[in-house]
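Asker: My questions all concern the structure below.
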Amino acid sequence: MSTIRLGRPRSALLPTLVIAAVLVILFAIFTNVWTDRLWYVSFDFGSVFNTMLITRIGLFASFGLLMAAVVAANAAIAYRLRPRVRGAGPSSPLLERYREVLEARLVWVIVSLGVVVGLFAGATASGQVFTYLAWRNSTPFGTTDPVFNLDIGFYVFDYPWWRFALSFVFVVLLFSATAAAVIHYLMGGLRLTGPARGGTAGAQAHLSILVGLAVLVRGVGYWFDQYGLMIADATILTGVNYTADNATRNADVILAIIAGLCALLFFANAALRRWSVPIIGLTLMILSAIILGVVYPAGVQLLQVRANEPVRERPYIERNIEATREAYGVADVEIADYSAKTSATAGQLRADAEALPGIRLIDPSRVGPAFEQLQQVRGYYSFSEILDVDRYTIDGAETDAVVAVREMNHQGIEAQNWNNLKRVYTHGYGLVAAYGNRRQPGGEPEWIVRDIPPTGKLTEYEPRIYFGEKQTDYSIVGAPEGAPAVEFDTPSGGEGGNPATTTYEGTGGVPIGDFWSRILYAAKFADVNILLSTELNPESKIIYDRQPRERVMKAAPWLRVDSDMYPAVVDGRIVWIADGYTTSNSYPYSQRVSLEEATSDSRTQMGLPAQPNSAINYMRNSVKATVDAYDGTVTLYTWDDTDPVLQTWKKAFPGIVKDKTEISADLLKHLRYPQDMYKVQREILARYHITDPQNWYQNSDLWRVPDDPQQTGSKETPNFLSIKWPGDEAPVFSLTSTYVPEGRQNLAAYMAVNADASSPDYGRLRILRMSAQTQIDGPGQTANVFNSNEVVAERLRPFQQGTAAAQFGNLLTLPVGGGLMYVQPVYTQRQGSTGAYPVLRFVLVRFGSSVAIGDTLQDALDQVFKGDAGATTEEEGGDTPPKPGGDNPDNPAASAAIAAANKAFAEADAALKRGDLAGYQAKIREAQEAIKRAEEALNR
């Protein structure tokens, strides 16, 4: 009886797991792509998503198919050229086994090879989306380079794409030759050993043509290398120098010709089949590349340039200086020699009286904790650690203000459940602003607008903050009309004194009311609660990617965005304002800088976002952007419409950047000169203020940005100030900075730019260059003088020994009185208390060698300038406490109140010197109440 043996059943588990894994990966990819599309469409930037996606797919498909087709075709050709009868000779069993596999699975092998190299090529090409779009939509600069007489746009837009294309073709031919050689070898068309060493006529011809094409492409690359010299880093500059012009350029042309001849030898070898000749040619080409590309330029540099470098390089340095200043927008900088006065006399500031009220004593980097403690209202609100500076028209006058928005802080929510975090506590509330030059009697900021609901000078605006710098998580908002509101709005104002609630009615956000959208977003955020929650409704929306800077960068991925966005009330809405930059790394002859290094300073060390670590040599502030804090709407406005880079991107992404004329008058008042642009420009001008090639080469007048005296190892932060430039009639809102000589600490120059976007002189860069005959101390030296001055030390001693500590604010530099004046606020803060915050207590002033510390700026100025500065700071808001002698016989009630205020201020000072901050604050409040009574008595 015969037995039937059943084969061992094959397990279906592994294939099932593989299929499931593939489906999960495909679903994850689809989820990310589709939700990105929904996000872009939600605020009318769907065209950006479509352009990016279509371009990526097009590049992936075209380059991937090209690579796959060429490599697979050459593999198939190699197989078809196999010998019908293999010649005698040694053949290992392993080689025979490979032949059998190849012959049995030829189609599978070739298709697999094509898919693998195609995917590799497609992925690489899809990463070149911006390079392709820039080339495809390139705009001429209208200026040619001085060497090849080509438009600058060729280097900025075309050259990077052609270099990529040449590299890609070379890799295609290299992969094809490799695949063909392997198949020829496996099928016996090539023999590396034995008496039949060599190959068939078909194999030799095939490989000769492929190698010849690769050498020809490399020859084209040599030709393009000479254009690359225009943007290459040379010995002392970026661009063509003497050696490149007289040696390297010629070498590239010769190597291109040699490569062409070498390619012809390989093509001829397809018929002659004498490998020794093209191999000798290829060897000579490699030797020529070493001799002509390395040895020859090094010899020219050593023998002709080194001993005569200033003379040889002079014309190239001139080109580098001119191109660099043009590329960074500093060609029109105005530099004036300034013989700064160092002696202070009575009445010296009379001519600068208008500028003194613009001295900003409230330091946005210091007063964040004061905003937090005095305006936080509830623990679930928070402010940014570093505040911003803006301008508002208050009572008919332009006023510098320190501003921040009250954002939602989920860490302060007591009940940390999903419903509270995602659906209830969805937004912050209100903008808080303080005068930049005023304080309350206790040293606290004097508010322009404050509290919930907003009170003060700015109240007519939409106060809710759904999009802000601290909003890193998603929220689900929205409800049908008539449904009860669930979103927490304000701590009071509801029925029975309960918190008020609201419902989001903005246009921003992705609809998530249908089941399919909920599945997608549950997968995207890996949060099943989105799917399970019964509280979602047909009107529900999900808002995410809520940080303003992130939204602008995603809406315009071709822009670099300033590291510091700032909030402003514009046309009844709170908007975040950002500066957008177009940059390039391919502007001929322009010197490269590291964007990260140039823009990093003390505020970056304190937590401000840093720019990416990339090199650039062209920069323009071409776009002003806003993000609506309520609905997240991103609006891009053309700012520099002459910029060819912006014109190129506007052609690539049509319709997303509005015309400059659409900027409202209210928005224009709040636009200012971009900080990161200014930082890059000051970095460039540290050397490129020198326009004489000889002095530039000798580095005889190099400057550098000084270190921040309060933050060792980081550069000084530029300051927004209203200053009156020497010779001007009125002060102007400006961005200012200082320079010190390289290797020294005294002041070398003072730099300012008109930062008022509504001014016809907006962007006017000016530098005061200090006289070499008189030393003016720099910021570091001034900070040392403040710290070592006996009078200053005596006033600050109670804050170095008691429970309250002194903190130095921003060190401001102003060109007044015919010299340079330093002003620095001093804050005091109680130690060891969670509720402590800095209060403005003193003001330090230095002019020349005169140093003073005062309770107010006016007090310190009068001390420095011999008892009379000649101008008043117009400090209001209780900055100047009532002085003795204020009796009014016609109003005894006012006199009594003023006397009580004086007594309370004196007792407050005594308490502060003892380190009793609680007693100090109590007496300050008592003084404030007395001042209020005096005002009421005087107004009767």
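The values are calculated or read from the model by the stated rules, or taken from the named source; none is laboratory data. Everything numeric in this text was worked out from a predicted model, so none of it was measured. As a convention, Cβ positions derive from the backbone with ideal geometry for all residues, glycine included, and neighbour counts pool all protein chains shown.
Asker: Suppose we keep only residues that are farther than 17 Å from P499 by Cα and touching a helix residue (DSSP H, G or I) at 6+ places or on another chain (Cβ under 9 Å) within region 420-437. Which one would you say is surrounded by the most Cβ atoms within 10 Å (Cβ to Cβ)?
Answerer: Let us first name the residues in region 420-437 that are farther than 17 Å from P499 by Cα, namely 422, 431-437.
Among the residues that remain, those that are also touching a helix residue (DSSP H, G or I) at 6+ places or on another chain (Cβ under 9 Å) are: 422, 432, 434, 436-437.
On the way: K422: 22, V432: 27, A434: 29, G436: 27, N437: 25.
Ranking the qualifying residues of region 420-437, first place goes to A434.
Asker: Let me ask you something else. Taking A125, is it within 16 Å of V172 (Cβ to Cβ), at pLDDT 95 or above and surrounded by 20 or more Cβ atoms within 10 Å (Cβ to Cβ)? Walk me through it before giving the result.
Answerer: Working: within 16 Å of V172 (Cβ to Cβ): yes; at pLDDT 95 or above: yes; surrounded by 20 or more Cβ atoms within 10 Å (Cβ to Cβ): yes.
Judged against the criteria, A125 is a match.
Asker: Moving on to the next point. List, please: which pairs have Cβ atoms under 6 Å, are six or more places apart or on different chains, and start with a residue in region 534-549 that is touching a residue at least 60 places away in the same chain (Cβ under 8 Å) and end with one that is buried (at least 17 other Cβ atoms within 10 Å of the Cβ) and small (G, A, S)?
Answerer: E539/G478; E539/A479; S540/G478; K541/G478; K541/G509; I543/S475; I543/G509
Asker: Please identify the pairs in which a residue from region 273-287 that is assigned by TED's automatic domain parsing to the domain that holds L261 and free of Cβ contacts under 8 Å to residues at least 60 places away in the same chain has its Cβ atom under 6 Å from the Cβ atom of a residue that is surrounded by 15 or more Cβ atoms within 10 Å (Cβ to Cβ) and not hydroxyl-bearing (S, T, Y), counting only partners at least 6 apart or on another chain.
Answerer: V277/L265; G281/C262; G281/L265
Asker: Same structure again: Of all residues in region 716-736, which are out of contact with any helix residue (DSSP H, G or I) (no Cβ under 7 Å at 6 or more places or on another chain) and of a type in the set (D, E, K, R)?
Answerer: Within region 716-736, D728, E729 qualify.
Asker: Enumerate the pairs (first residue in region 12-36 and closer than 23 Å to V510 by Cβ; second residue anywhere and assigned to a helix (DSSP H, G or I)) with beta-carbon separation below 6 Å, excluding pairs fewer than 6 apart on the same chain, so at least 6 apart or on different chains.
Answerer: Every condition considered, the pairs that remain are T31/L520; T31/A523; T31/K524; T35/L520; T35/K524.
Asker: While we're looking at this one, here's another question. Quick test for you: out of K669, K651, K660, pick the one residue that is more than 22 Å from the chain's Cα centre (by Cα) and surrounded by 18 or more Cβ atoms within 10 Å (Cβ to Cβ). Let's see the steps before the verdict.
Answerer: On the way: K651 fails: surrounded by 18 or more Cβ atoms within 10 Å (Cβ to Cβ); K660 fails: surrounded by 18 or more Cβ atoms within 10 Å (Cβ to Cβ).
Going through K669, K651, K660 in turn, just one is more than 22 Å from the chain's Cα centre (by Cα) and surrounded by 18 or more Cβ atoms within 10 Å (Cβ to Cβ): K669.
Asker: For region 132-144, which positions are surrounded by 18 or more Cβ atoms within 10 Å (Cβ to Cβ) and under 24 Å from A323 (Cα atoms)? Before the answer, list the steps.
Answerer: Narrowing region 132-144 to residues surrounded by 18 or more Cβ atoms within 10 Å (Cβ to Cβ): 132-135, 138-139, 141.
The answer is A134, W135, S138, T139, F141.
Asker: Now a separate question. Can we say T243 is assigned by TED's automatic domain parsing to the domain that holds A214, in contact (Cβ under 8 Å) with a residue 40 or more places away in the chain, surrounded by fewer than 16 Cβ atoms within 10 Å (Cβ to Cβ) and within 30 Å of R319 (Cα to Cα)? Spell out how you get there, then give the answer.
Answerer: Values: assigned by TED's automatic domain parsing to the domain that holds A214: yes; in contact (Cβ under 8 Å) with a residue 40 or more places away in the chain: yes; surrounded by fewer than 16 Cβ atoms within 10 Å (Cβ to Cβ): no; within 30 Å of R319 (Cα to Cα): yes.
No, not satisfied.
Asker: Here is a check on your reading of the model: is I530 crowded, with 18+ Cβ neighbours inside 10 Å, farther than 22 Å from K658 by Cβ and more than 33 Å from the chain's Cα centre (by Cα)?
Answerer: On the way: crowded, with 18+ Cβ neighbours inside 10 Å: yes; farther than 22 Å from K658 by Cβ: yes; more than 33 Å from the chain's Cα centre (by Cα): yes.
Yes, satisfied.
Asker: Pairs needed: first member in region 580-602, within 18 Å of T648 (Cβ to Cβ) and outside any loop (DSSP other than H, G, I, E, B); second member anywhere, modelled with pLDDT of 95 or more and aromatic (F, W, Y); C-beta distance under 9 Å; at least 6 residues apart or different chains.
Answerer: Taking only residues 6 or more apart or on different chains, the pairs are G580/W639; T582/W558; T582/Y618; T582/W649; T583/Y618; S584/Y155; S584/F157; S584/Y618.
Asker: Taking the options T200, T178, name whichever one is in contact (Cβ under 8 Å) with a residue 40 or more places away in the chain and of a type outside the set (D, E, K, R). Break it down into steps so the answer makes sense when it comes.
Answerer: Details: T178 fails: in contact (Cβ under 8 Å) with a residue 40 or more places away in the chain.
Sole residue among the options that is in contact (Cβ under 8 Å) with a residue 40 or more places away in the chain and of a type outside the set (D, E, K, R): T200.
Asker: So which strands (runs of 3 or more DSSP E) are wholly in region 770-856 and hold at least 1 residues that are touching a helix residue (DSSP H, G or I) at 6+ places or on another chain (Cβ under 6 Å) and modelled with pLDDT under 90? Walk me through it before giving the result.
Answerer: Working: elements: 804-808, 812-816, 819-830, 839-847, 850-854.
In region 770-856, 804-808, 819-830 are the strands (runs of 3 or more DSSP E) which contain 1 or more residues that are touching a helix residue (DSSP H, G or I) at 6+ places or on another chain (Cβ under 6 Å) and modelled with pLDDT under 90.
Asker: Checking G655 against (1) assigned to a helix (DSSP H, G or I); (2) on the phi > 0 side of the Ramachandran plot, only one condition comes out false. Which one?
Answerer: For G655, the exception is condition (1).
Asker: Enumerate the pairs (first residue in region 305-321 and more than 16 Å from D692 (Cβ to Cβ); second residue anywhere and in a helix (DSSP H, G or I) and β-branched (V, I, T)) with beta-carbon separation below 7 Å, excluding pairs fewer than 6 apart on the same chain, so at least 6 apart or on different chains.
Answerer: V305/T243; R312/V305
Asker: If you don't mind, another one. In region 782-806, how many are under 35 Å from the mean Cα position of the chain (by Cα) and surrounded by 19 or more Cβ atoms within 10 Å (Cβ to Cβ)?
Answerer: 3
Asker: Right, another one. Quick one: is I690 surrounded by fewer than 23 Cβ atoms within 10 Å (Cβ to Cβ), more than 27 Å from T143 (Cα to Cα) and touching a residue at least 12 places away in the same chain (Cβ under 8 Å)?
Answerer: Values: surrounded by fewer than 23 Cβ atoms within 10 Å (Cβ to Cβ): yes; more than 27 Å from T143 (Cα to Cα): no; touching a residue at least 12 places away in the same chain (Cβ under 8 Å): yes.
Here the answer is no, as I690 does not meet what is asked.
Asker: Can you run down the residue pairs with Cβ atoms below 7 Å, 6 or more apart or on separate chains, where the first is in region 745-766 and assigned by TED's automatic domain parsing to the domain that holds I684 and surrounded by fewer than 18 Cβ atoms within 10 Å (Cβ to Cβ) and the partner is assigned to a strand (DSSP E or B) and among the charged types (D, E, K, R)?
Answerer: Filtered contacts from region 745-766: N746/D777; Y762/D756.
Asker: Given the conditions (1) basic (K, R); (2) touching a residue at least 60 places away in the same chain (Cβ under 8 Å); (3) farther than 23 Å from L133 by Cα, which single one is not true for K651?
Answerer: Among (1) basic (K, R); (2) touching a residue at least 60 places away in the same chain (Cβ under 8 Å); (3) farther than 23 Å from L133 by Cα, the lone unmet condition for K651 is (3).
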